[in-house]
1. Among the residues of the range 512-520, is there at least one that is surrounded by 18 or more Cβ atoms within 10 Å (Cβ to Cβ), farther than 15 Å from Gly203 by Cα, of a type in the set (A, V, I, L, M, F, W, C) and in contact (Cβ under 8 Å) with a residue 12 or more places away in the chain?
2. In the set Leu439, Leu373, Leu456, which member is part of a helix (DSSP H, G or I) and among the aliphatic types (A, V, I, L, M)?
3. Quick check on the range 402-442: of everything there that is of a type in the set (Gly, Ala, Ser) and in contact (Cβ under 8 Å) with a residue 60 or more places away in the chain, which residue is farthest from Val477 (Cα to Cα)?
4. Quick check on Gly376: is it within 34 Å of the chain's Cα centre (by Cα), open to solvent by 30 Å² or more (accessible area, probe 1.4 Å) and at pLDDT below 95?
5. Which residues, counting only those in the range 106-117, are buried (at least 16 other Cβ atoms within 10 Å of the Cβ) and within 31 Å of the chain's Cα centre (by Cα)?
6. Report those strands (runs of 3 or more DSSP E) wholly inside the range 137-222 carrying at least 1 residues which are small (Gly, Ala, Ser), touching a residue at least 40 places away in the same chain (Cβ under 8 Å) and crowded, with 21+ Cβ neighbours inside 10 Å.
7. Suppose we keep only residues that are touching a Lys or Arg at 6+ places or on another chain (Cβ under 8 Å) and over 15 Å from Ser399 (Cα atoms) within the range 413-430. Which one would you say is least open to solvent (accessible area, probe 1.4 Å)?
8. Scan the range 340-349 and give yes if some residue there is among the aliphatic types (A, V, I, L, M), open to solvent by less than 10 Å² (accessible area, probe 1.4 Å) and not in a helix (DSSP H, G or I), otherwise no.
Amino acid sequence: MKKYSIVKIERILRIIFLVLAVVTAAGVLMLIKVQSTRPYMTESVGQQDVEEYDWEKGLSDSTYWLPENCSLYEAVPDFSFVDDREQSHLISEWKGKNLVVVFWASWCEDCSRQMPLMSQYEKLAKEYGEITFLYINKTDGSRETMERAKEYFDDLSLEGELYYDTSLQAYDMLGLHNIPTTLFINKEGKITAWSSSQIEKTGIFEALLKNATEGGAKATAEFIVKYMMDGDGGIHSAYEPGSQVNINSEVLSESQGLGLLYAVSVQDKDLFDNILGYIKAFLWKEGLAAWRMEDGKAGSVNALIDDLRIYRALVEAEKLWGGYASEVRLCEEALLERAVSDGKFVDFYDFQNRVYASRFTLCYGDMQAMQLLAEGTGDLGAARAYEKTLELLERGQISNEFPLYYSWYNYDKEQYEKDDLNTAEAMMTLLHLARQGKLKNNTLEWIRTQMAGEGLKMRYSVKGEVVSGYNQESTAVYAILVMIADEIGDDALRAQALNKMEKMHIINTEFPYNGAYGMADGSGITSFDQLMPMLAYRALELQ
């Protein structure tokens, strides 16, 4: 065979391989596009202008579909739109009313799945008080005209009012990425719920409406009380789909303490007494709480952070309702005697062996409760222990390159131990620091960088590397970050964290586990991942 023939064959083969590569890549892209998921895990990808959509970013994180320039529990930007006489209106004209605002277009296939159901949703909304519906058409003048939109809308016989976004000023001001997008706006002009995909199920619409009118925490609390709390007031650590209460799972003092804090936050005395009753009947040991109750047996040690939460909740309950002074005093005496050793707060006390821990876990540093203890008792030892704990927290930053904080301090060795970091615990440490005004800028910058990328993962080494097998995200981590951002007044970070937290929120009143955080089939629901979002929402609702 001549040399030029070999060269010619090589060129032909290269062309064939190149074509195959292009076809394969296109096939993979289409497969990913078809299989991509949306909020609520059951919806297909909505109608989207191709030039506006970043597939790589959108497929990696469903929060990309959410409005970009507005946030949950923040005032909606005062966007404008026009009526059929082309008179301009501002959304602020409806302040003082509860609103459901739907952005849509007649050509949008996903809108055609939601809009015919809106009459049914309007009727349902009457059960929740006076709700005004506004339908704002994406009127670009080419794909959609006012005439075409009005004709389509009139055929639906809706009670709500039709308006037009002819300049796309509203669409751009809100940073919408998709239609239909539905915003639920309260009387104060804050967005309290939203959906960036078509709402095709009554249960989903009603769940969103309940969250909007009753607050984001209430449905979760109702789920916990009905399906995770037993008759004695014990909050069990796991939910099993199909069961009334998974009484086979353990009850943790962690859950009881967080439950008490929620109860005082919503001023629910009955709930508070129920949870406290369980602590006193099953967990209390000389005024401190055993860290868990399993198979009818209480543990032999406490967990400092849980006792501090219980104490803080008791102090608040005494202020709110009175009648808890004896429990406050008992808890104070126990903390002074069993939680402080050699002038320092320690992780636990072993009641069986009468031994104090020789370590301090940084996320246990609830400085608010420690300060309350020092002030409430006037004890100088408690005051000094508070100062030493704050110093431990402040000195515990790992490095400038990885500016989170060590997990725990070894009192015997007088050093921080280099164990891997549980990110939820790491965030709790940061929340304690934020509440003291001690959170460092380099830590915040590191968090912002992670949130701008792939988000926070569940576990890190002290080198800042994600630990193998822990490359997942956690609802509780983002809930704690919501509270951190709220504490320091970082609205952008709070919005990012809240959107991430909501990814696992089950929103459908047709499910018994509506309001829970977990998988769509009801699996993966644990108490910590319910209680932290509840407290995060309460922080936002109390603004």
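1. Scanning the range 512-520 turns up no residue that is surrounded by 18 or more Cβ atoms within 10 Å (Cβ to Cβ), farther than 15 Å from Gly203 by Cα, of a type in the set (A, V, I, L, M, F, W, C) and in contact (Cβ under 8 Å) with a residue 12 or more places away in the chain.
2. Leu373
3. The residue in question is Ala426.
4. no
5. Within the range 106-117, Cys108, Asp110, Cys111, Ser112, Arg113, Gln114, Met115, Leu117 meet the criteria.
6. So the answer is 191-195.
7. Thr423
8. yes
The values are calculated or read from the model by the stated rules, or taken from the named source; none is laboratory data. Since we're looking at a predicted model, the values are computed, not measured. No Cβ is skipped: glycine too gets one built from the backbone with ideal geometry, and neighbour counts run over all protein chains shown. For accessibility, only protein heavy atoms count, side chains too; no ligands or nucleic acids. Shrake-Rupley method; radii C 1.70, N 1.55, O 1.52, S 1.80 Å.
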